[in-house]
Amino acid sequence: MNQAEKSRALAFIVFTVTINMIGVGIAWPVLPKLVQEMGNVDLSSAAYTYAFIGIVFAISQFLFSPLLGNLSDRFGRKPVLIVSLFGLGFDYLLTALAPTYFWLAVVRFVGGMFAATITTANAYAADISTPEDRARNFGFIGAAFGVGFILGPLLGGWLGSIDIRYPFYAAAALALANGIFGWIILPESLADTNRRKFDLSETNPIRALKRVAAFPSLSALLISLFITATAQRGLEATWVLYVDFRFGWDIRQAAWSLAFVGIMYFIVQGFAVGPIVKRYGEWRTVIAGFSIAGFSFLFYAVADQGWMMYPLIALYAIGNGIGAPALNAICSKTVPEDRQGQLQGALQSVNAMAVIIGPFAASIILGHVSSSNPMINLPGAWFVLCGIAFAIALWLTIRANQRLKLAGHP
């Protein structure tokens with residue numbers, strides 16, 4: 001591709017991710033409430049059940065992400081992305097129709113199989129990026145997430161207030177329409193010369209992680225990504241239930257706060273990441289971002305008024321919004337072009353492990369602190385742990401940078 005074709009291709013993939021994330025954003029604030037309504041249980045019991053549903057989804061994602069990443073290295077990004085979108089569309093439809101917890105768990109397992117849109121989108125962005133603009137392009141993907149989370153939660157909150165299952169029908173329609181759009185419009189980004197033979201042994205998630213971790217500095221960075229992702233996934237999974245428990249927010253109020261998350265990520269990752277990385281470099285950006293995000297979690301823990309959550313959302317979005325794309329770009333630079341799909345599949349497996357542990361741990365903690373007689377009366381206990389997690393990730397990142405400099409790497 002020439003530069004003009006690359007710009008158009010990036011615009012196509014950003015639009016595709018935006019539409020997909022609108023669908024995700026529609027369903028996200030409603031799923032915990034669907035769990036609560038389906039079982040007719042209180043908030044504490046719903047938190048435990050929601051943790052189990054989240055684990056089922058994450059295990060499936062962990063198992064199948066390396067397969068889809070390796071398939072995209074062999075057959076191209078476009079077919080994998082299209083299959084994922086159609087799979088998610090049918091998954092949302094089945095979620096809307098699920099009558100019991102058992103069927104909801106089955107449907108979420110199927111959804112985890114097709115949750116490869118971010119894996120493939122990041123591999124796509126890596127294909128059409130130069131080393132200099134890779135962090136900026138990853139930031140554009142993050143901005144697409146932000147736009148989706150501006151529009152999605154607002155629409156989901158409105159539809160969910162009418163009927164708790166309506167948002168999933170809307171998400172299904174968007175995913176299926178997006179799949180058709182991508183099928184017709186989206187160009188393929190992976191050149192034939194950069195494709196590699198499919199190796200079934202590399203689809204084993206543990207083996208895939210070991211292969212990727214063998215590249216310089218990646219093992220420490222993967223641990224750092226896992227720790228920070230665990231903190232964020234736990235925050236995301238319990239947000240709707242936490243703000244209900246702590247401040248008495250309903251679905252619409254929670255949806256407004258999620259839309260504000262999207263606004264901040266759109267601003268930070270759409271406009272700030274590129275200039276910041278260009279001026280200060282990727283390593284400094286990661287270190288500064290993780291420091292800001294870690295402090296924001298500690299402030300979350302002590303916030304006792306609902307309005308306080310909005311400036312804290314902004315602070316966290318600034319920190320994680322600049323740190324995550326920069327770290328992703330660092331990881332992407334350490335592997336060759338024909339391994340980008342494998343890397344993104346491995347990163348998605350790391351994220352899946354975080355989705356297994358983060359929502360489960362956060363839901364268990366929330367279920368405990370929201371019970372009638374908690375042993376530890378600290379509503380923001382999860383946020384304290386998240387602040388510690390980001391401090392550990394910050395230390396690992398600094399050490400990795402120092403080791404690379406000693407080894408003569410830039």
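Among (1) touching an Asp or Glu at 6+ places or on another chain (Cβ under 6 Å); (2) farther than 21 Å from Gly234 by Cα; (3) at pLDDT 80 or above, which single condition is Phe102 missing?
Of (1) touching an Asp or Glu at 6+ places or on another chain (Cβ under 6 Å); (2) farther than 21 Å from Gly234 by Cα; (3) at pLDDT 80 or above, only one is false for Phe102: (1).
If you check Phe75, Phe64, which single one turns out to be open to solvent by 40 Å² or more (accessible area, probe 1.4 Å) and either of a type in the set (Ser, Thr, Tyr) or within 19 Å of the chain's Cα centre (by Cα) (or both)?
Every option except Phe64 fails the conditions.
If we keep just the residues of the range 280-299 that are within 20 Å of the chain's Cα centre (by Cα) and either of a type in the set (Ser, Thr, Tyr) or assigned to a loop (DSSP other than H, G, I, E, B) (or both), which is nearest to Gln253 (Cα to Cα)?
My answer is Ser296.
Within the range 148-178, can you find the residues that are open to solvent by 40 Å² or more (accessible area, probe 1.4 Å) and hydrophobic (A, V, I, L, M, F, W, C)?
First, the residues of the range 148-178 that are open to solvent by 40 Å² or more (accessible area, probe 1.4 Å): 151, 154-155, 158, 161-163, 165-166, 169, 173-174, 176-177.
Selection gives Leu151, Leu154, Leu155, Trp158, Ile162, Ala173, Leu174, Leu176, Ala177.
Consider the range 301-344. How many of its residues are modelled with pLDDT under 80 and assigned to a loop (DSSP other than H, G, I, E, B)?
Residues flagged as modelled with pLDDT under 80 and assigned to a loop (DSSP other than H, G, I, E, B) within the range 301-344 amount to 3.
Identify, by number, the condition in (1) within 19 Å of Tyr124 (Cα to Cα); (2) of a type outside the set (A, V, I, L, M, F, W, C); (3) open to solvent by less than 20 Å² (accessible area, probe 1.4 Å) that Gly262 doesn't meet.
Gly262 satisfies all of (1) within 19 Å of Tyr124 (Cα to Cα); (2) of a type outside the set (A, V, I, L, M, F, W, C); (3) open to solvent by less than 20 Å² (accessible area, probe 1.4 Å) except (1).
From the list Gly89, Gly54, exactly one residue is touching a residue at least 24 places away in the same chain (Cβ under 8 Å), within 16 Å of the chain's Cα centre (by Cα), surrounded by 20 or more Cβ atoms within 10 Å (Cβ to Cβ) and in a helix (DSSP H, G or I). Which is it?
One residue alone meets the criteria, Gly54.
Provide a single number: the residues in the range 124-135 that are in a helix (DSSP H, G or I) and either at pLDDT below 80 or on the phi > 0 side of the Ramachandran plot (or both).
Of the residues in that region, 2 qualify.
Which one of these is under 22 Å from Ala317 (Cβ atoms) and at pLDDT below 85: Ala213, Ala237? Step through it out loud before you land on a result.
Numbers: Ala213 fails: under 22 Å from Ala317 (Cβ atoms).
Sole residue among the options that is under 22 Å from Ala317 (Cβ atoms) and at pLDDT below 85: Ala237.
Among the residues of the range 345-367, is any surrounded by fewer than 22 Cβ atoms within 10 Å (Cβ to Cβ) and not in a helix (DSSP H, G or I)?
Within the range 345-367, not a single residue is surrounded by fewer than 22 Cβ atoms within 10 Å (Cβ to Cβ) and not in a helix (DSSP H, G or I).
The values are calculated or read from the model by the stated rules, or taken from the named source; none is laboratory data. These numbers were taken from a predicted model, which means no experiment stands behind them. In this analysis, Cβ positions are derived from the backbone assuming ideal geometry, glycine residues included, and neighbour counts consider all displayed protein chains. The protein model used for the area step is the full one, side chains on, heavy atoms only, and it has no ligands, DNA or RNA in it. Shrake-Rupley method; radii C 1.70, N 1.55, O 1.52, S 1.80 Å.
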